[in-house]
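One structure is given below, encoded as structure tokens.
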Amino acid sequence: MTVPRPPFIAIGLLSACVLAYEVLLTRLFSIMLWHHFAYMIISAAMLGYGASGTALTLLKEKIAPHFGRVYVTAAMALAFLMPVAFMLAQQVPFNPLELLWDKTQLAKLLAVYLLMMLPFFCGGLSIGLVFWYFGREAGRVYACDILGAGAGSLGVIGVLFLVPPHMVLVILTALALLAAAIATIELKLQPKWLMGVFFGLALLVAVALPGAWLQVHPSVYKDLSQTLNITGTRVIEERFSPLGQITVVESSRIPFRHAPGMSLNATDEPPPQLGVFVDGDGPAVLTRFDGKLAPLAYLDQLTSALPYHLLERPHVLVLGAGAGSDVLQALYHRAREIDAVELDRNIIDLVRQRFHDFAGDLYTQPGVQVHAAEARGFVNTSQERYDLIQVALLDSFGIASAGLYGLSESYLYTVEALQTYLSRLTPGGILAVTRWLSLPPRDALKLFATAVSALERDGVPNPAARLVMIRGWKTVTLLVKNSDFTPQEIAAIKQFSRARSFDLAYYPGMRADEANRYNLLQQPYFFEGATALLSPQRQAFLDRYKFYIEPATDDRPHFFRFFKWNAAAELFTLRAQGGMPLLDWSYPLLVATLLQAFAASVLLILAPLAVSRCRRTLPSAQVALYFLAIGLAFMFMEIAFIQKFVLFLAHPLYAVATVLCAFLVFAAAGSWLAGRWQEAGSRHVALAVMVLGALALLYLAILPGLFQALIHLPDATKIIISVVLIAPLAVCMGIPFPTGMMRLAGTAQDTIPWAWAINGCASVVGAVLATLLAIHLGFSVVILLAVLIYGLACAALRGFA
Amino acid sequence: MLRQNMVEEVLADVAAAAPCSGSATLRPDVIVAMKKVERHRFLPAWMAVLAYLNRPLPIGHGQTISQPLIVALMTDLLQLKEGDKVLEIGTGSGYQAAVLAEIVKSVYSIEIIEPLGKEAAERLKSLGYGNVEVRLGDGYYGWPETAPFDAIIVTAAASHVPPPLLKQLKPGGRMVIPLGAHFMTQYLMLVEKQTDGSVTSRQIVPVSFVPLTGGH
């Protein structure tokens, strides 16, 4: 059979499906389990791609005569496996909370990982086939592939605003079938009725596949599942967006009574509340408000109420307002004006529209202004000055205490964040941050260390005079003032804490015997820690402390990482003796995933070696190194730059969508360029690497200043600026892969699947490795490493032919 | 034998954790109770083989049976006497209630998840724990008809300690609350009500782990 030209449309469509599926899975897993499984999905995806390369290496001779049919079959298998693999993964009784108690959980995790790999295997197979079969047109094939991927990653985010995630799965299945149908036309496959069958199937799936089959079943240990076990609870509203699935629950028989860490001396009971869950975690609560302040008295019994006892009718900024608890607290304390910032418009709408009666029109009360924005972005662009900035307690106690956040980035609690907050305070203004109490202390001391760093960077001569920390039995509140605390304020702090049996953890001039009076710890850990962090021995204390409590920064924004290997080894030996909960297991899980990815990758690259007939087509060391290097470096660049733009674009989701899409689309443009230049490959690669190296270094130097200067611009303008900044970098990054492929097409076509496999495996490892390196070294170093690795690739290409 | 081993393991853990928890061993009545209560009877049949491992286990409905070490520590912290009246919020499988019932005169237990509460009530009855009464519903207001209590144990997650429960605690009484996620008790909170009615709390990390290298 002669095939006139590559199936450009089908490949773009399939590529879009695969990328969209990858993004979608991170959402589905957030709802089913917890959100930190994202890197596992990226790794599974890359593993699928890598494995498909190996399969091609082994089977290409058998496949060659049936290219078209195999291609269409792979597309169909992708369509089938996207929903089926997820349904099966849901059936695996994997419970991350039991990971360290139950050895079988690791096998279950592996099962989920391998299941999730399957659709990507099929996707990779179909795309790899085209690369191999149409090697000389690699530039244009790659352009279509990447253009599709860009459109898929961006498109799925748009679609997630319109339909619930499980329905997106239906759409993707239909699209993959559509791609199969188009492929039959593009490849002029016989019999012709096959095309009709695929079109029909696509239509049938889109119209008739019951979404209920694909419903996400959250873990029974998630907060929402737990709540719905209680008689009399029912879901009264559901909203979805790529930011999260919101579920509002009413409990008619046993009310929600959310008052986190309320003083043991309190006698108040919260008014009726509705539970608001995001991706099944929570609850945050929507509290009934009828304009009367008396029922809100319980809000004065929380550690977070402290700043209101130091400030007279303040202008308050609440960051992370959610369903409004902190706004109510400000109202109760007669704040003069309240600005509330909440990321998710759906939550604001619930308070403002759907439950406006119940919420007493909270967000339209006189003096209350609500802003749908990301907290850092809002503060950066705001010209206002506030007497009090409250950073709300956003996460749930269970999740925080189970070490589930270990790997997630948070730009809310970095040194630079605190500096920005402090710069927006009026003279004498206060920044208040409340966290859950963890024992031995982790969050609180890390936050304290971060605040000390922020004050030092601001040139404050005596940070000790501007810090106060109190703790209840379940929460800790840190105050940072932009002037020294006065004796009157300190008297008020003591009075507030004494009346509520909260402990003083630190205030300027505090004596050791004032610590640890009401909520007794074996040692006054908080006071000792705070004092040590303010002393010249700070670094020694940070080094000796068994949890990682060095300040988080914008370059290393992993506030919830407390993991240190030494302590982990000790805790692991104590795991049965009660040490388990202190073991932040998300970090070892990342390392385990990296090892698993590495092992799987090595197997995928080495497995074909065992098959003798493949020895003939073995790539040279240079070829292997080249595709390994560009795979790693591309992943490093992409992941690090996504992070770098999160702050500027004021929203992780916009950053992922914009940066990923820009990278893919402009890398596609680079491929297209490479296709036009096919005569003189290595010189162009060297030039591209030089330019991208120079750009990366330049960006590292100028981006922070540039972002600060431009952050006030409207979102759309910022997105355009981001794309303009990424474009030249991405164009350069798009050149090496197809150039290498075309070289092989000319000299050693049989090694193309090898190159494909090696590149895929490098990406499997690269995705996880970038995350791991960033945790330790920061995203800037990851970018520098990427530049170095690109340099290495350049050198490898010289000895290619 | 299995139970004996489990208790010995628990005792070794308690001794090891003494520098942090403050007590080197368990009270004799707690040891006796732990040796006597058949943990395997409180688990689904297929899980019974795991019953005497010192680990928390799932019991269905998204709930867990606590790690024996935690059960022992919590019971110990209550410093129970034979004639005491104890309130438990969160019956779960009923295992904790049975351990309490071995020591004190009467146990009142409230479970929020109906099927779980019914199963536990039947189980406790069939095992002959006539001194345990199980009620279904809201634990927030305690059990006013039989209040006050010498001790209260709150095993259900709560964002705060319900003020009515503190009211139902006798002066000189003790309340214990485990904090953390399922399968992961991070620390235990002991609330003591003084004879003058004021309350203090202690936070106890149930493991011998000091956060600084080089000991305390």
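Throughout, read-outs are computed from the coordinates displayed, never taken from laboratory work. Bear in mind that the values here come from a model prediction, so they are computed numbers and not experimental data. All Cβ positions, even for glycine, are placed from backbone atoms using ideal geometry, and neighbour counts span all protein chains on display.
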Quiz item: If you average the sequence gap of Cα pairs under 8 Å that are 6 or more apart and divide by the length of the stretch A:195-352, what percent do you get for the contact order?
Solution: 17 percent
Quiz item: For the stretch A:356-495, what relative contact order do you get, as a whole percent, if you take Cα pairs closer than 8 Å and at least 6 residues apart?
Solution: 23 percent
Quiz item: Which translational diffusion coefficient, to the nearest whole µm²/s, is obtained for the stretch A:733-801 from the Stokes-Einstein equation, given a Kirkwood hydrodynamic radius over C-alpha pairs, 4 °C and 1.567 mPa s?
Solution: 97 µm²/s
Exercise. Just round it to a whole percent: the fraction of Cα-Cα distances in the stretch A:463-506 exceeding 11 Å.
Key: 64 percent
Quiz item: Alpha carbon centre of the stretch A:647-713 versus the stretch B:178-216: separation in Å?
Solution: 51 Å
Exercise. Classify the stretch B:123-163 as rounded, prolate or oblate, taking a ≥ b ≥ c as the square roots of the eigenvalues of its Cα gyration tensor: rounded when a/c is under 1.5, otherwise prolate if a/b is larger than b/c and oblate if not.
Key: prolate
Quiz item: How much of the calculated P(r) for the stretch A:461-572 lies past 21 Å, in percent of all Cα pairs?
Solution: 45 percent
Quiz item: Averaged over all directions, how much area does the convex hull of the C-alpha atoms of the stretch A:174-256 cover when projected, in nm²?
Solution: 8.1 nm²
Quiz item: To two decimal places, what compactness ratio does the stretch B:96-184 give when its Cα radius of gyration is scaled by 2.2 N^0.38 Å?
Solution: 1.08
Exercise. With label points built 7 Å along Cα→Cβ from the Cα atoms of A:Leu706 and B:Val32, find their separation and express it in nm.
Key: 7.7 nm
Practice problem: Please list, or write none, the lysines whose alpha carbon is within less than 24 Å of the alpha carbon of B:Lys36, excluding same-chain residues fewer than 8 places away. | Solution: B:Lys81, B:Lys85, B:Lys105, B:Lys118, B:Lys125
Quiz item: Normalized C-alpha radius of gyration of the stretch A:421-484, against 2.2 N^0.38 Å?
Solution: 1.11
Quiz prompt | Cα point-scatterer Debye curve for the stretch B:1-115, base-10 log of I(q)/I(0) at q = 0.17, 0.18 Å⁻¹ | solution = -0.83, -0.93
Quiz item: Out of the DSSP beta bridges found with both residues in chain A, what percent are antiparallel (nearest 5)?
Solution: 65 percent
Exercise. May I ask you to sort B:Ser159, A:Ser671, A:Ser225 by Cβ crowding, counting other Cβ atoms within 10 Å and putting the fewest first?
Key: A:Ser225, B:Ser159, A:Ser671
Practice problem: Tell me the label-point distance for the pair B:Thr25, A:Ala111, using the 7 Å Cα-to-Cβ offset, in nm and rounded to one decimal. | Solution: 4.5 nm
Practice problem: Report Rg(Cα)/(2.2 N^0.38 Å) for the stretch A:230-362, keeping two decimals. | Solution: 1.04
Quiz item: Quick one: Kirkwood hydrodynamic radius for the stretch A:1-144, alpha-carbon pairs, angstrom, one decimal?
Solution: 16.1 Å
Practice problem: Compute the signed sum of charges (Lys and Arg +1, Asp and Glu -1) over the other residues within less than 14 Å, Cβ to Cβ, of A:Ile182. | Solution: +2
Quiz prompt | Sites B:Ala18 and B:Leu50 - FRET efficiency at Förster radius 35 Å, r taken between beta-carbons, to 0.05 | solution = 0.80
Exercise. On a 0 to 90° scale, report how tilted helix A:586-610 is relative to the longest principal axis of chain A, with both axes built from alpha carbons and the result rounded to the nearest 10.
Key: 10 degrees
Quiz prompt | Neighbouring partner chain Cβ atoms per residue of A:533-539, average, 10 Å criterion | solution = 0
Practice problem: Evaluate the Kirkwood expression for the hydrodynamic radius of the protein assembly as shown, namely the inverse of the mean inverse distance over all pairs of different C-alpha atoms, and round to one decimal in Å. | Solution: 30.4 Å
Quiz item: Along the three principal axes, how long is the stretch A:195-298 when you take its alpha carbons, biggest first, rounded to the nearest angstrom?
Solution: 73, 30, 23
Quiz item: To the nearest 10 degrees, how steeply does helix A:104-133 sit against the main Cα axis of chain A, on a 0 to 90 scale?
Solution: 40 degrees
Practice problem: Would you mind checking the radius of gyration and Dmax of chain B based on alpha-carbon positions, in Å? | Solution: 16.4, 52
Quiz prompt | P(r) weight above 22 Å for the stretch B:132-216, C-alpha pairs, percent | solution = 35 percent
Exercise. Taking chain A as the reference, fit the longest principal axis to its C-alpha atoms, fit the long axis of helix A:681-710 to the helix C-alpha atoms, and give the angle between the two in degrees, 0 to 90, nearest 10.
Key: 20 degrees
Exercise. For the stretch A:665-729, report the convex hull volume of the alpha-carbon atoms normalised per residue, in Å³, without decimals.
Key: 65 Å³
Practice problem: Only helices at least 20 Å long along their axis, Cα-based, and averaging -0.5 or more on Kyte-Doolittle count here, so list those DSSP H runs from chain B. | Solution: B:2-21
Quiz item: Which order results if A:Arg798, B:Arg123 are arranged by neighbouring Cβ count within 10 Å, fewest first?
Solution: A:Arg798, B:Arg123
Self-check item: Among B:Glu82, B:Glu145, B:Glu114: highest mean-square fluctuation, GNM of chain B, C-alpha pairs under 10 Å
Solution: B:Glu145
Quiz item: Averaged over peptide A:517-524, how many Cβ atoms belonging to another chain are found within 10 Å of each residue's Cβ?
Solution: 5
Self-check item: Relative contact order of chain A, pairs being alpha-carbon contacts under 8 Å that are 6 or more residues apart, as %
Solution: 15 percent
Quiz prompt | Average projection area in nm² (convex hull over Cα atoms of the stretch A:82-123, one quarter of hull surface) | solution = 2.8 nm²
Quiz prompt | Neighbour-count ranking [beta-carbon atoms within 10 angstrom, fewest first] of A:Thr57, A:Thr475 | solution = A:Thr475, A:Thr57
Quiz item: Computed FRET efficiency, Cβ-Cβ of A:Ala499 and A:Thr73, R0 41 Å: what is it to the nearest 0.05?
Solution: 0.05
Quiz item: If you take the beta carbon distance between A:Thr426 and A:Arg538 as r and set R0 to 22 Å, what does 1/(1 + (r/R0)^6) give as a FRET efficiency, to the nearest 0.05?
Solution: 0.15
Quiz item: Which whole number gives the average, over all residues in A:258-265, of C-beta atoms from other chains lying within 10 Å of the residue C-beta?
Solution: 5
